[in-house]
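Engineer: One structure, pasted below without further comment.
Readers should treat all values here as calculations from the given coordinates under stated rules, not as data from a laboratory. Here the structure is a predicted model, which is why all the values come from computation and not from measurement. For neighbour counting, all protein chains shown are included, and Cβ atoms are generated from backbone atoms with ideal geometry for every residue, glycine included.
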Amino acid sequence: DGGITQSPKYLFRKEGQNVTLSCEQNLNHDAMYWYRQDPGQGLRLIYYSQIVNDFQKGDIAEGYSVSREKKESFPLTVTSAQKNPTAFYLCASTPLTGPGAYGYTFGSGTRLTVV
Amino acid sequence: AQSVAQPEDQVNVAEGNPLTVKCTYSVSGNPYLFWYVQYPNRGLQFLLKYITGDNLVKGSYGFEAEFNKSQTSFHLKKPSALVSDSALYFCAVRALNSGNTPLVFGKGTRLSVIA
């Protein structure tokens, strides 16, 4: 079955550590996105990529980094510069053309906690 | 700039009664509108979308939404609520001719259906 897979489901980070969240899709979607979800704040865009080897900052990119070396993969690194990383992170993908354009498919999320 | 407002943080409905979850939007030009649902500790699931055509859009699980251009609204409705409809609902928008800009999401409305 086609889909989008996020791993791990739960992740614990110590102060000063960098951690990487995985996002893989086998839907052949062009674009991929990372959102952060905090209670009462909805979804806030961190980074997005519409093509391999290219990505753009979203509204809250500070303290995060991404790469898009393959169409299927869009990992997110939470760096030590992100002072309040505890949140639920969601990855999404979508085709950019055709009848399904912008109908995002979301992964199941990664819950990151600072310990 | 694109924006979405979901004016109610919480909506409570008795099972079997009709439900409405409100959404208003602001875009330059014609909108591309979506509703998504999120169950606890899961990613968002697509419910329905509006691009053009009939103002009443039917989606998954018996949900529908009415596009009202003059009121810039896209309210989600269901004739008879089920306890299993209890979840977090997000409205999202982008301008139809805005290149490949990402969706902008509202802050979400928590729906509780009481038996």
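Engineer: Using the basic label-point model (7 angstrom from Cα toward the beta carbon), what is the A:Gln56 to B:Asn100 distance in nanometres?
Structural biologist: 0.9
Engineer: State, as an integer percentage, the relative contact order of chain A based on alpha-carbon contacts under 8 Å between residues 6 or more apart.
Structural biologist: Dividing the mean separation by the residue count of chain A yields 34 percent.
Engineer: Could I ask something else about it? Using θ = phi - 60° and the Karplus relation 6.51 cos²θ - 1.76 cosθ + 1.60, list the HN-Hα couplings for the stretch A:77-90 in order, rounded to whole Hz, with x at every Gly or Pro.
Structural biologist: Once θ is set to phi - 60°, the couplings for the stretch A:77-90 become 9, 9, 8, 5, 6, 7, 7, 9, x, 5, 5, 9, 10, 10 Hz.
Engineer: Taking B:Lys69 as the anchor, which aspartates and glutamates have their alpha carbon closer than 17 Å to its alpha carbon, excluding any fewer than eight residues away along the same chain?
Structural biologist: Filter leaves B:Asp54.
Engineer: One quarter of the convex hull surface, Cα atoms only: what value does that give for chain A in nm²?
Structural biologist: 7.0
Engineer: Right, here's the next one. Per-residue Cβ counts within 10 Å, from other chains only, averaged over A:98-111: what number is that?
Structural biologist: 4
Engineer: Run the simple label-point estimate for A:Gln41 and A:Val115 please: 7 Å along Cα→C-beta, distance reported in nm.
Structural biologist: 2.3
Engineer: With the cut-off at 32 Å, tell me which of the pairs A:Lys71/B:Lys107; A:Lys57/B:Lys58; A:Lys70/B:Lys22; A:Lys83/B:Lys78; A:Lys71/B:Lys49 have Cα atoms farther apart than that.
Structural biologist: A:Lys57/B:Lys58; A:Lys70/B:Lys22; A:Lys83/B:Lys78
Engineer: Determine the shielding of peptide B:31-43 by partner chains: average, over its residues, the number of Cβ atoms on other chains within 10 angstrom of each Cβ. It would help to have the intermediate numbers written out before the result.
Structural biologist: Details: counts 0, 3, 0, 3, 0, 5, 0, 6, 0, 0, 6, 6, 14.
Averaged over the peptide's residues, the number is 3.
Engineer: Enter the Cα centre distance for the pair the stretch A:82-115 and the stretch B:46-115, rounded to the nearest angstrom.
Structural biologist: 19
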